[in-house]
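Encoded as structure tokens, the structure appears first; notes follow it.
Please treat every number below as a calculation from the coordinates, not as lab data. Please read all numbers here as calculations on a predicted model, not as lab measurements. Don't worry about glycine lacking a Cβ; one is built from the backbone with ideal geometry, like all the others, and counts go over all protein chains shown.
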Ligand SMILES: [Zn+2]
């Protein structure tokens, strides 16, 4: 932390003609300032990393055993549940025939069954009685 009273002390030393001592204190302050700027830059990077992690956590969901990332209305994935739960890594699963495989840990998962869509009453497909129509034509 910079001690701002030092700048007054340095100014007083210059005013009193003690330039060697004033320059030494000024160089110390410069060194502390550079170290403080470096620490500030490092803390900015850490903060950005935590903000990114928080953003991912807010947009991550688990559906049917797989992790999915929803960003800007687009659902991406599925991501390997093992890699995410063990190391926090979001590794997209690759489709291989009837399986999904993780290119990182090699875990193999069965393809999830498609979700059942609940259809409201009145929206069912019309069933055409084929036998009656075929019989009427004969
Ligand atoms: Zn994995």
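Within the range 20-38, can one find any residue that is outside any helix (DSSP H, G or I) and exposed (fewer than 13 other Cβ atoms within 10 Å of the Cβ)?
No, that holds for no residue.
Identify the residue in the range 93-108 that is within 12 Å of the ligand (Cβ to nearest atom) and in a loop (DSSP other than H, G, I, E, B) and, among all such residues, is surrounded by the fewest Cβ atoms within 10 Å (Cβ to Cβ).
Ranking the qualifying residues of the range 93-108, first place goes to 106.
For the range 66-92, which positions are in contact with a helix residue (DSSP H, G or I) (Cβ under 9 Å, 6 or more places away or on another chain) and near the ligand (Cβ under 8 Å from one of its atoms)?
Selection gives 89, 91.
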